[in-house]
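Below is a structure I'd like to ask you about.
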Amino acid sequence: MESIGVLMPIPMNSYLEGELEKRFNLFKLWTVPHKAQFLKENADSVRAVIGNSSSGADADLIDALPKLEIVASFSVGIDKVDLKKCKEKGIRVTNTPDVLTEDVADLAIGLMLAVLRRLCESDRFVRSGKWKMGDYKLTTKFTGKTVGIIGLGRIGQAIATRAEAFNCPISYHSRSQKADVKHKYYPTVVELAANCDILVVACPLTEETRHIINREVIDALGPKGVLINIGRGPHVDESELVSALVEGRLGGAGLDVYQNEPEVPEELFGLENVVLLPHVGSATVETRTAMADLVIGNLEAHFLKKPLLTPVV
Ligand code: DGY
């Protein structure tokens with residue numbers, strides 16, 4: 001294959017970077033101090049952009065790269081890519097579905113257990129030496145709790161399968177009721193929240209699902225309810241979530257994603273009923289390697305004029 005210019009705007013994964021370096025002419029924007037200068041000098045050489053959950057291809061970047069043919073995202077979520085613009089310009093877009101489903105679903109269950117059984121707080125209790133001075137707190141049983149899932153796609157269904165193994169009744173909300181699914185369907189998120197113990201966000205981020213978790217939903221979930229977010233930060237009205245947790249109007253939260261990552265609202269740091277993770281849903285060696293292989297596979301397929309492995313556009 002001829003040497004093709006690929007732009008990776010931020011560091012993502014060393015295996016991916018190494019493979020890209022072997023096979024393409026890799027531009028690493030994070031080593032370049034002046035983005036504008038880089039684009040002025042190299043824009044014509046860039047035929048592919050690598051995106052992920054925090055850096056994609058917005059309209060400005062797409063317009064700045066006249067030879068751009070493909071955006072290959074190192075993530076399943078493609079909310080950072082301007083899909084409309086890509087469609088208009090005939091730019092292909094790929095993502096990394098399926099290979100991360102199990103890890104993200106495992107992490108959702110991990111967060112449920114961590115919040116209800118206070119795993120992180122208990123760990124801090126032991127490390128601080130407080131066990132010798134007093135007793136631990138009782139926690140909340142997970143088995144049998146009703147789990148409400150927003151978005152019953154691949155990840156939502158994998159969460160449901162795992163939660164069922166804990167005898168948790170499953171209910172869900174999605175754009176429409178699924179004919180082949182036995183779980184209870186609620187046409188609104190508020191109704192789902194009012195009828196479950198643990199509410200999990202597992203849908204893609206779109207204009208329709210931005211702030212799908214708002215004050216009304218949080219109040220419906222209530223002081224015993226737990227919110228788990230393994231989707232995207234902007235699914236949640238974060239200031240409403242913070243106030244509800246601080247005021248005790250929500251029982252707890254397990255968060256892997258935030259509105260302005262890596263910024264996390266400081267008010268959450270002092271709360272024991274909250275578990276905070278740094279967006280690590282797919283962050284296992286096995287899965288990140290499989291995701292990187294899909295990115296490379298999609299780029300090679302595109303430039304060898306073969307069918308894309310996982311096309312979005
Ligand atoms: C995804 O793939 O969208 C995940 O959020 C990345 O970890």
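Report, ordered by the first and then the second residue, all pairs with beta carbons closer than 8 Å, sequence separation of six or more or different chains, a first member in segment 186-202 that is without any contact (Cβ under 8 Å) to a residue 40 or more places away in the chain and under 14 Å from Arg215 (Cα atoms), and a second member that is surrounded by 22 or more Cβ atoms within 10 Å (Cβ to Cβ) and among the hydrophobic types (A, V, I, L, M, F, W, C).
Partner pairs satisfying both residue conditions: Val189/Ile150; Val189/Ile213; Val189/Val217; Val190/Val217; Ala194/Leu221.
Assess whether Asn260 counts as being crowded, with 20+ Cβ neighbours inside 10 Å, within 22 Å of the chain's Cα centre (by Cα), away from the ligand (no atom under 13 Å from the Cβ) and within 25 Å of Leu7 (Cβ to Cβ).
No: the conditions fail for Asn260.
Would you say Lys137 is over 28 Å from Ala290 (Cα atoms), touching an Asp or Glu at 6+ places or on another chain (Cβ under 8 Å), free of Cβ contacts under 8 Å to residues at least 24 places away in the same chain and assigned by TED's automatic domain parsing to the domain that holds Thr209?
Yes; evaluated as a whole, the condition is true for this residue.
Now a separate question. Are there any pairs with C-beta distances below 8 angstrom linking a residue in segment 284-313 that is farther than 21 Å from Glu17 by Cβ to a residue that is surrounded by fewer than 16 Cβ atoms within 10 Å (Cβ to Cβ) and of a type in the set (A, V, I, L, M), with the two at least 6 apart or on different chains, and if so which?
Partner pairs satisfying both residue conditions: Leu304/Met1.
Val115: at pLDDT 95 or above, among the β-branched types (Val, Ile, Thr) and within 20 Å of Glu300 (Cβ to Cβ), yes or no? Break it down into steps so the answer makes sense when it comes.
On the way: at pLDDT 95 or above: yes; among the β-branched types (Val, Ile, Thr): yes; within 20 Å of Glu300 (Cβ to Cβ): no.
Spelling it out, it is not the case that Val115 is at pLDDT 95 or above, among the β-branched types (Val, Ile, Thr) and within 20 Å of Glu300 (Cβ to Cβ).
Strands (runs of 3 or more DSSP E) wholly in segment 1-88 with at least 1 residues that are farther than 25 Å from Pro307 by Cα and within 27 Å of the chain's Cα centre (by Cα) - which ones?
Values: elements: 5-8, 25-28, 46-51, 70-73.
In segment 1-88, the matching strands (runs of 3 or more DSSP E) lie at 25-28.
Name the one entry in Val81, Val49, Val76 that is away from the ligand (no atom under 13 Å from the Cβ), of a type outside the set (S, T, N, Q) and not assigned by TED's automatic domain parsing to the domain that holds Val147. Give the steps one after another, and end with the answer.
On the way: Val81 fails: away from the ligand (no atom under 13 Å from the Cβ); Val76 fails: away from the ligand (no atom under 13 Å from the Cβ).
Exactly one residue qualifies, and that residue is Val49.
List every residue pair whose Cβ atoms sit under 6 Å apart, with the two residues 6 or more apart in sequence or on different chains, where the first one lies in segment 160-175 and is in the same structural domain as Ile212 (by TED's automatic domain parsing) and the second, anywhere, is at pLDDT 95 or above and loosely packed, with under 13 Cβ neighbours inside 10 Å.
That search, which allows pairs on different chains as well, returns Phe166/Thr143; Asn167/Thr143; Asn167/Gly144.
Under 7 Å between Cβ atoms, which residue pairs at least 6 apart in sequence (or on different chains) link something in segment 9-30 that is in the same structural domain as Phe74 (by TED's automatic domain parsing) with a partner that is charged (D, E, K, R)?
Asn13/Arg288; Leu29/Lys35
Here's another thing I want to ask about it. Among the residues that make up segment 55-63, is at least one of them within 16 Å of the ligand (Cβ to nearest atom) and not hydroxyl-bearing (Ser, Thr, Tyr)?
yes
Since Trp131 meets every condition but one in (1) in contact (Cβ under 8 Å) with a residue 12 or more places away in the chain; (2) surrounded by fewer than 20 Cβ atoms within 10 Å (Cβ to Cβ), which condition does it not meet?
Failed condition: (1).
A further question on this structure: Which is under 30 Å from Val313 (Cα atoms), in a strand (DSSP E or B) and not acidic (Asp, Glu), of Val99, Val93?
Numbers: Val99 fails: in a strand (DSSP E or B).
Just a single option satisfies the conditions, and that option is Val93.
Right, here's the next one. Pull up segment 1-48, narrow it to residues that are hydroxyl-bearing (Ser, Thr, Tyr) and either at pLDDT 95 or above or farther than 17 Å from Leu299 by Cα (or both), then point me to the one that is surrounded by the fewest Cβ atoms within 10 Å (Cβ to Cβ). Walk me through how you get there before you give the answer.
Residues of segment 1-48 that are hydroxyl-bearing (Ser, Thr, Tyr), as a first pass: 3, 14-15, 31, 45.
When the remaining residues are screened for being either at pLDDT 95 or above or farther than 17 Å from Leu299 by Cα (or both), the result is 14-15, 31, 45.
Details: Ser14: 10, Tyr15: 15, Thr31: 8, Ser45: 15.
So the residue we want is Thr31.
The values are calculated or read from the model by the stated rules, or taken from the named source; none is laboratory data. Note that the structure is a prediction, hence the values are computed from the model and not measured. Glycine also receives a Cβ, built like all others from the backbone with ideal geometry; neighbour counts cover every protein chain displayed.
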